[in-house]
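Peer 1: This is the structure, below, for whatever I ask next.
The values are calculated or read from the model by the stated rules, or taken from the named source; none is laboratory data. Bear in mind the structure is a predicted one, so any value in this text is a computation, not a measurement. Here the Cβ positions follow ideal geometry from the backbone for every residue, glycine too, while neighbour counts run over all protein chains shown.
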Amino acid sequence: MTEPGATLLARLATAVGPAHVLTAREDIEPFVVDWRGRYRGAAHAVVRPRSTAEVADVVRTCAEHRVPIVPQGGNTSMCGAATPDASGNAIVMSLARLDRIRDVDVDNATMTVEAGVTLARAQRAAMDANLLFPLSLASEGSCTIGGNLSTNAGGTAVLRFGNARDLALGVEVVLADGRVFDGLRGLRKDNTGYDLKHLFIGAEGTLGIITAAVVKLFPAPRARATALVAVADVDGAVRLLTRLKHALADRLVGFELMNALALELSRKHHPTSPDPLPGRPWYVLVQADDPAENPELAAMLERALADGFDDGSVVDATIAASDAQRAQLWSLRENISEAQRREGQNIKHDISVPVSAIPRFVRETEAALSQTLPGVRFVTFGHLGDGNLHYNLSAPADQSAARFMERSTEANRIVHDRVAAAGGSISAEHGIGQLKRGELQRYKSPIELDLMRAIKSALDPAHLMNPGKVL
């Protein structure tokens, strides 16, 4: 008699080809460990479809056999959303082979891309058409469009262009029963009922598997200005943000806050990085772009910074004089997360509060944490322009990281209670995954949780789509 598992594997091999059903332990290993090394699971197999039709065939097969599916793109999740549990019952569906750019429509300013296309490749395809796909993340060389949409990724340009959700006009999704929802419409206006794409964007693969998307493109910048600014404190950074919004309007694309320790770690693990403004407690990286020819853009930024000197919010500043200098300044910011990974385990928070509430949040939360966890080191950085901080905590210099991590629950409660009190969110751009399921239950209202469960049950009644994530 044929074993049920053998029948499943045979069906999967028929769907995608035997070479793309991985069962050997050494072949599966890279797919069951998250990039931070925090989560490790097991899988019955890793399946690598090449097309939406193959994804649908795999999903139908798994539905028939009641086998859970964990979708995975570039495996860059910060919350364990793409890692299976330890039971070994699930298959991991790698979408890396869905890597076609189906269309670039210059006149409609849209691009249709499959889920496995890396963000960097999508950016290059837009650039080749003299257009811009503005989603920008430190992991853009390895993260994929499917994962970006499934987590509603943010990044460094949200201030001007919004999150991944704001950049998506349409999606193609394989539903839990194997049917394909074709919503690949490149329309800015479509009032024909519920906007179904938004159910799947940000759902982390728990409602269906995004296989392709139509995304917005914009005119490529023809003028750019970048500045690293030392500010007196977080209050000064917020005042400067308001000033630059008025001075530059929608030319202001990025406004990144970093404290001294964040930059110290970035330079420690990337020793060729510059140190143009040493010895300050807080820094802001400012990016201004203009799609029109604007030789005055750098001067506009310089005048606004000069006004910041006058009101005390700016302590010192340097403006990049070349593309190479611009890249160096941005590398300071973009290397922080990787530097933290190399430094060792730390307690991470991806939070958002109203911009106006950030100075008070930082002051009060640091005081509370310092009282409860004496010697705690704050690695604070993030997208101040849209109210999103990566509020990370490192162990005191005289304490092991492992011992410090045992205090995670206490630290999370202090941070997240103050986020909630400020009307904020415990997850700004990284999602929930398996890391924050318990926190979601604490901070979401009962009616919100009821609605989420009802949607989950309606679209995935057998609960086979990325189980154990979000809810």
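Peer 1: Which of the numbered conditions does residue 427 fail, given that it passes all the others? Conditions: (1) surrounded by fewer than 21 Cβ atoms within 10 Å (Cβ to Cβ); (2) under 22 Å from the mean Cα position of the chain (by Cα).
Peer 2: Condition not satisfied by residue 427: (1).
Peer 1: Continuing with this model, one more query. Residues 36, 11, 50: which one is part of a helix (DSSP H, G or I) and basic (Lys, Arg)?
Peer 2: Residue meeting the stated conditions: 11.
A quick yes/no check of all residues on (1) assigned by TED's automatic domain parsing to the domain that holds residue 201; (2) within 26 Å of residue 426 (Cα to Cα); (3) out of contact with any strand residue (DSSP E or B) (no Cβ under 8 Å at 6 or more places or on another chain):
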site: 74; (1), (2), (3): no, yes, no
site: 79; (1), (2), (3): no, yes, no
site: 85; (1), (2), (3): no, yes, yes
site: 109; (1), (2), (3): yes, no, no
site: 112; (1), (2), (3): yes, no, no
site: 118; (1), (2), (3): yes, no, no
site: 140; (1), (2), (3): yes, yes, no
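Peer 1: Given the structure, is residue 226 outside any helix (DSSP H, G or I) and modelled with pLDDT under 95?
Peer 2: In short, no.
Peer 1: Here is a follow-up. Considering only the stretch 283-396, give the strands (runs of 3 or more DSSP E) lying wholly within it that have at least 1 residues that are within 24 Å of residue 412 (Cα to Cα) and basic (Lys, Arg).
Peer 2: Counting at least 1 such residues, we get 377-383.
Peer 1: Have a look at 340, 345 and point out the one that is closer than 22 Å to residue 153 by Cα, touching a Lys or Arg at 6+ places or on another chain (Cβ under 9 Å), touching a residue at least 60 places away in the same chain (Cβ under 8 Å) and of a type in the set (S, T, N, Q).
Peer 2: Numbers: 345 fails: closer than 22 Å to residue 153 by Cα.
None of the others qualify; the one that does is 340.
Peer 1: For the stretch 54-70, does any single residue satisfy the condition of being at pLDDT 95 or above, among the hydroxyl-bearing types (Ser, Thr, Tyr) and surrounded by 15 or more Cβ atoms within 10 Å (Cβ to Cβ)?
Peer 2: Yes, the conditions are met somewhere in the stretch 54-70.
Peer 1: Within the stretch 98-137, track down each residue that is farther than 16 Å from residue 164 by Cβ, crowded, with 21+ Cβ neighbours inside 10 Å and among the acidic types (Asp, Glu).
Peer 2: None - no residue of the stretch 98-137 is farther than 16 Å from residue 164 by Cβ, crowded, with 21+ Cβ neighbours inside 10 Å and among the acidic types (Asp, Glu), so the list stays empty.
Peer 1: Further question on the same structure: Against the condition in a loop (DSSP other than H, G, I, E, B), at negative phi, more than 24 Å from the chain's Cα centre (by Cα) and not hydrophobic (A, V, I, L, M, F, W, C), how does residue 60 come out, does it pass?
Peer 2: On the way: in a loop (DSSP other than H, G, I, E, B): no; at negative phi: yes; more than 24 Å from the chain's Cα centre (by Cα): yes; not hydrophobic (A, V, I, L, M, F, W, C): yes.
In short, no.
Peer 1: Identify all residues within the stretch 196-254 that are without any contact (Cβ under 8 Å) to a residue 24 or more places away in the chain and among the hydroxyl-bearing types (Ser, Thr, Tyr); write none if there are none.
Peer 2: Of everything in the stretch 196-254, just one residue is without any contact (Cβ under 8 Å) to a residue 24 or more places away in the chain and among the hydroxyl-bearing types (Ser, Thr, Tyr), namely 242.
Peer 1: Still on this structure, please answer the following. Name the one entry in 340, 287 that is within 30 Å of residue 376 (Cα to Cα), surrounded by 20 or more Cβ atoms within 10 Å (Cβ to Cβ) and touching a strand residue (DSSP E or B) at 6+ places or on another chain (Cβ under 9 Å). Before the answer, list the steps.
Peer 2: On the way: 287 fails: within 30 Å of residue 376 (Cα to Cα).
The match here is 340.
Peer 1: For the stretch 185-197, check the following and say yes or no: at least one residue is assigned to a strand (DSSP E or B), over 30 Å from residue 318 (Cβ atoms) and not assigned by TED's automatic domain parsing to the domain that holds residue 77.
Peer 2: No, the conditions are met nowhere in the stretch 185-197.
Peer 1: Still on this structure, I have one more. Can you run down the residue pairs with Cβ atoms below 7 Å, 6 or more apart or on separate chains, where the first is in the stretch 304-328 and surrounded by 15 or more Cβ atoms within 10 Å (Cβ to Cβ) and the partner is part of a helix (DSSP H, G or I) and acidic (Asp, Glu)?
Peer 2: Pairs found: 319/302.
Peer 1: Okay, next question. Do we have any residue at all in the stretch 25-36 that's crowded, with 23+ Cβ neighbours inside 10 Å, closer than 22 Å to residue 175 by Cβ and not charged (D, E, K, R)?
Peer 2: The answer is no; no qualifying residue exists.
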